[in-house]
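Following: one structure in structure tokens, then a few remarks.
Just so you know, all these numbers are worked out from the coordinates, no wet-lab data involved. In this text the structure is predicted, and so the values were computed from the model without any measurement. Reconstructed Cβ throughout: ideal geometry from the backbone, glycine too, with neighbour counts over all protein chains shown.
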Amino acid sequence: MVKIKAISAGFFKCDTSRRDELLFLEYFLQGVDNMIKKERKKPLKIRKLEALMRRLPPFHPKRPIIEEELAKSMAGYRGEQSLDYHLDFLPPKRYFIFHDLRLLNPPHFFQLDTLILSPCFLLIIEVKNITGTLYFDSTFHQLTRTMNGKEEGFPSPLLQVKRQLSQLNEWLQTNKFPAVPIETLVVISSPSTIIKASHHLPTVIHRDSLVSKIESFEKKHKEQKLSEQELRRLSARLLKRHTPISSNILQRFRIDEIELLKGVHCPECRLIPMQRKGHSWLCSSCNYSSKDAHIETLQDYALLISPTITNQQLRGFLQLPSRHIATKILMSMGLKHVGITKGRVYQLFID
């Protein structure tokens, strides 16, 4: 049984042994004044694309399409990051904020850029980092972008958030939470983007209007729908049920492992491979020396090939001839492992 009395002005109280609430408290006690309950981190998809770009030869035929996808993904991520400054102006004890949530609503998963919880309503935020002039067509449910005289169509983010709202509602019902109003916003992160529409769209805004829009939702929804206990339970359940996507990037682009560049990459100039000299790695291009450059390279292995590795596989990927040195590297990293001697398999981590 856990008993916690008033914490920092008494916003939360706890007298429970429920697993969900203990999970919530673990996050909550890390910082009472921190309203960010799930931080925004660089998406796993981007990290895999970056690792793939490091490991493909310069003139590999797939590089252009991977570069294009990485650029689009990074633009979306930067757009999401640009909201953080504005969210910092919200009262920290009034809201809980979750970034990049992926939840299962059988048989499909749905993903939310940002979800904000308050006692009176929930808010789904979909961020779009699209420049130029945007036109939202309600007749054909289409978003059109015009830039440099070129017209381009995009899937409607209004339909996207409508679908997210429906899926979140179903998820709440399935998980036995009370009915609560859910608002949606499509936030255009680029301040230079011009927004036009076939009719008034109060749910499409520039990022600078985000705080004032949330304040207007507060005035609209004055009745408390979620008790403190329900907010605790919902926060814990969201964290527990979040399921990151982890696709096989090599299969997706039909790239064989044998096509990847092997060896430790230099953290300074990205040259592959560095040379093992004594207890360090030395770059022949910029003369950078490092004792632990292999750690980033093994993260590339985990991102691209497998989250587990053997001594033999490590020697192949790091281009190490010595089994003894490979064993010392593996042991120095303190990795969890199963098996003994030659059959030992080590669990790699993704920082």
Item to check | Inter-site label distance for Gln299 and Phe349 at 7 Å from Cα along Cβ, in nm | outcome: 1.1
Checklist entry - On full extension of the chain, what length is gained from Arg102 through Ile46, given 0.36 nm per residue of separation minus the C-alpha to C-alpha distance? => result 18.6 nm
Checklist entry - Against the longest principal axis of the chain, how steep is helix 19-28, in degrees 0 to 90 to the nearest 10, with axes from Cα atoms? => result 80
Checklist entry - How far, in degrees from 0 to 90, does helix 63-81 lean away from the longest principal axis of the Cα atoms of the chain, to the nearest 10? => result 40
Item to check | Derived scalar couplings ³J(HN,Hα) [the stretch 261-270; Karplus, 6.51 cos²θ - 1.76 cosθ + 1.60; whole Hz; x for Gly, Pro] | outcome: 6, 9, x, 6, 8, 6, x, 8, 10, 6
Next on the checklist: With the crude spin-label approximation of a point 7 Å out along Cα→Cβ, what separation in nm comes out for Glu67 versus Leu165?
Outcome noted: 4.2
Next on the checklist: Using +1 at the C-beta of Lys and Arg and -1 at the C-beta of Asp and Glu, which of Ile295, Ser322, Ile309 has the Cα lying farthest in the positive direction of the dipole of the stretch 262-347?
Outcome noted: Ser322
Next on the checklist: Modelling each spin label as a point 7 Å along the Cα-to-Cβ direction, I'd like the Ser332/Asn248 distance in nm, to one decimal.
Outcome noted: 3.3
Next on the checklist: Using a 7 Å offset from Cα along Cα-Cβ at Asp208, what residues in the stretch 59-79 end up with backbone N under 18 Å from the label point?
Outcome noted: 79
Checklist outcome for this item: Once the in-chain neighbours fewer than 8 apart are removed, the lysines whose Cα is under 30 Å from Lys45 read Lys37, Lys62, Lys72, Lys128, Lys150, Lys162, Lys240, Lys262, Lys291, Lys336
Checklist entry - If amide H atoms are built 1.01 Å from N in the plane of the peptide, which residues on other chains or at least 5 residues away come under 5 Å of the amide H of Thr308? => result Leu348
Checklist entry - Does anyone have the angle between helix 157-174 and the longest principal axis of the chain? Alpha-carbon axes, 0 to 90°, nearest 10? => result 90
Item to check | Computed P(r) (all Cα pairs; the chain; 20 Å bins; percent) | outcome: 24, 47, 28, 1
Checklist entry - Which of these, Asp292, Asp256, Asp300, has the largest mean-square fluctuation under a Gaussian network model of the chain (Cα springs below 10 Å)? => result Asp256
Next on the checklist: Cβ neighbours within 10 Å, averaged per peptide: list 196-206, 35-45, 227-237 in order, most packed at the top.
Outcome noted: 227-237, 35-45, 196-206
Checklist outcome for this item: Under the Karplus relation with 6.51, -1.76 and 1.60 and θ = phi - 60°, whole-Hz ³J(HN,Hα) for the stretch 284-290, x at Gly and Pro, equal 6, 8, 10, 6, 5, 10, 8
